[in-house]
Amino acid sequence: MEAIQETIQVETRDGANAFLPGEVVEGTVSWQLAIPASRAELRLFWYTEGKGDQDLKIVETVAFANPERQDRRGFSVRLPEGPFSFSGKLISLLWALEVVLDPGSRAERLVLTVSPTRREILLPTTSEVSGASPR
Amino acid sequence: MRARDNPFAVQRVLEVRYRLSGTTWEALMERLVALRFRAALVGPHGSGKTTLLEDLEPRLQRQGFRLRKLTLHEGDRRLSASQRRDLFQDLSPSEILLLDGAEQLGRFAWLEARTRSRAAGGLVVTSHRPGLLPTLCECRTTPELLDGILRELLEDAPSPPADELFRRHGGNLRDALREMYDLYAEATSSAAARTGSPSPAGR
């Protein structure tokens, strides 16, 4: 018997990946599994990356009941007002949607940008701050 | 460079797994069984003991053990009441205790841990010094090991010479990789870092 190639996908409507705070994100998750999932859920969370230990906060979870071996589900989640996506030299904060299928914690993640400009906020470097002209 | 693009961001470094040298996982597990799952991973700061312990965990679970783990930090001379409860309450032979940083414990706390762990199926610790339990693996670092890790993290980008970096940090790979983070953070753009110019290797 031919082995099934496992695929897991998270897609937003129109492929958008930059959003305003408070905006509703809609999309679909889909999967094709070799081993059936007993539990499937979508998580909306932010996390940090950089020099220090990672912080992570799940702000919403959407459970998908009775997941089939091959399945496709729609979702709709509202983003909170913050924190915004940003990056400095020492830390970045990123938003993501992740579908997780158990057993095995099989997962797929889609990174989002959340800010009032729909663009990641870039923190100025120390030299940029100190070099700024006084008001 | 944005923190998330830094090849030495903590999350990427944590993905680098322990590289066994001079032995195999099969041999290591056989020795652990021979030691009745009571053993120590020994080595200096930043030599990979914690990573090796993490890599051991799924292998122990595959053998049917449940794990109770405690990470001790600088100055943790004794266990708190909640830590003692989490570690020792209703222990069974199907469980293994993992103590990361066991050398932090004072003499009496260690004796208590060792004694009460007898109700478990095993006790595996990491320690800077040998002698707490029979040594399962001595974690050593070399410039070649650091070089391999740098190459893994930098993928196709030019890798800086590891020898001087290794010496500067006395073989502490964690500190060496932190220095690399800072060097890359100072790079003016991700493109510059990818091409190695300005090159942290030049330091």
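Derivation of every value follows stated rules applied to the coordinates shown; laboratory data play no part. This one's a predicted model, so the numbers in the text were calculated from it and none came from an experiment. Heads up, the Cβs are rebuilt from the backbone with ideal geometry, glycines too, and the neighbour counts pull from every protein chain shown.
What to note about this one:
- Counting Cβ atoms of other protein chains within 10 Å of each residue's Cβ and taking the mean over peptide A:44-53 gives 4.
- Candidates A:ASP102, A:ASP14, A:ASP71, ranked by Gaussian network fluctuation over chain A, Cα under 10 Å, top entry: A:ASP14
- Calculated [222 nm] ellipticity per residue, helices only, for the protein assembly as shown: -7500 deg cm²/dmol; basis is -39500 (n - 2.57) per DSSP H run with n ≥ 4, divided by all residues, nearest 500.
- Extent along principal axes [Cα atoms of chain B; Å; largest to smallest]: 57, 35, 27
- Between helix B:25-34 and chain B there is an angle of about 20 degrees, using the helix long axis and the longest principal axis of the Cα atoms.
- Across q = 0.10, 0.11, 0.15, 0.21 Å⁻¹, chain A modelled as identical point scatterers on its alpha-carbon atoms has Debye log10 I(q)/I(0) values of -0.41, -0.48, -0.77, -1.20, in the order of the q list.
- P(r) of the protein assembly as shown over all Cα-Cα pairs, binned every 20 Å from zero, in whole percent: 24, 50, 26, 0
- Part-to-part distance (alpha-carbon centres) for region B:9-26 and region A:25-69, which is given in Å: 27 Å
- With Cα atoms, 0 to 90° folded angle of helix B:143-154 axis to chain B main axis: 70 degrees
- 13 Å Cα-Cα reach of B:LYS49 towards aspartates and glutamates, excluding residues that sit fewer than 8 places from it in its own chain: B:GLU57, B:ASP100, B:GLU103, B:GLU138
- For B:LYS69, B:LYS49, order by how many other beta-carbon atoms lie within 10 Å, fewest first: B:LYS69, B:LYS49
- Eligible lysines near A:LYS89 by straight Cα distance, threshold 26 Å, same-chain separation 8 or greater: A:LYS51, A:LYS57
- Counting only alpha carbon atoms, the long axis of helix B:107-116 and the longest principal axis of chain B meet at about 60°.
- Shielding by other protein chains, B:3-12, mean Cβ within 10 Å: 6
- Across A:LEU97, A:LEU20, A:LEU44, mean-square fluctuation computed from a Gaussian network of chain A (C-alpha pairs under 10 Å connected) peaks at A:LEU20.
- Residues B:HIS169, B:HIS128, arranged from fewest to most other Cβ atoms within 10 angstrom of their Cβ, appear as B:HIS128, B:HIS169.
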